[in-house]
Amino acid sequence: MEPITRSAYGFCQGDRAAVVTSLISSAAVCLQTSFLTRPVGFAIFYLEGVAPEGVDVGTIYRGVTPFIVLQLLGLVLIFYWESLVTWLPAQAYSG
């Protein structure tokens, strides 16, 4: 993790804790997006199993597409505006 944070620290503005927090948040959002897309798609396979007879996988993918787009938008926001990740914890835990 050290080489990744060192290279990201040179790219991002802010302190080291903010960089590490934004990297971890980026990984979490990326992981959450992988649950809705192939090849992992655990949530898609679960929905396929519990869906009624007339619902196929294509319909499920069309239904989750807006959520995938929102997650990717969040990932882009975290990448370009890393202080967005640390703002709420800073407000909650400051004296």
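Taken together, the residues in segment 42-59 that are within 17 Å of Q71 (Cβ to Cβ) and either in contact (Cβ under 8 Å) with a residue 40 or more places away in the chain or surrounded by fewer than 10 Cβ atoms within 10 Å (Cβ to Cβ) (or both) amount to 0.
For residues in segment 71-84 being in a helix (DSSP H, G or I) and not aliphatic (A, V, I, L, M), which is farthest from V19 (Cα to Cα)?
For segment 71-84, the residue satisfying everything is Q71.
Go through segment 29-70 and give me each residue that's touching a helix residue (DSSP H, G or I) at 6+ places or on another chain (Cβ under 6 Å) and assigned to a loop (DSSP other than H, G, I, E, B). Hits for segment 29-70 are F35, L36, V40. Could you give every pair whose Cβ atoms fall below 8 Å, whose first residue belongs to segment 20-41 and is within 16 Å of L73 (Cβ to Cβ) and in contact (Cβ under 8 Å) with a residue 12 or more places away in the chain, and whose second residue is acidic (D, E) and surrounded by 13 or more Cβ atoms within 10 Å (Cβ to Cβ), counting only separations of at least 6 or pairs across chains? From residues that are within 16 Å of L73 (Cβ to Cβ) and in contact (Cβ under 8 Å) with a residue 12 or more places away in the chain, the pairs are S22/E82.
Which residues, counting only those in segment 13-28, are small (G, A, S) and either in a loop (DSSP other than H, G, I, E, B) or farther than 28 Å from W81 by Cα (or both)?
Once the filter is applied, which keeps residues that are small (G, A, S) and either in a loop (DSSP other than H, G, I, E, B) or farther than 28 Å from W81 by Cα (or both), segment 13-28 yields only G14.
Inclusion of V29 among residues that are at negative phi and in contact with a Gly (Cβ under 6 Å, 6 or more places away or on another chain) is warranted.
Readers should treat all values here as calculations from the given coordinates under stated rules, not as data from a laboratory. Note that this is a predicted model, so its numbers are computed, not measured. Reconstructed Cβ throughout: ideal geometry from the backbone, glycine too, with neighbour counts over all protein chains shown.
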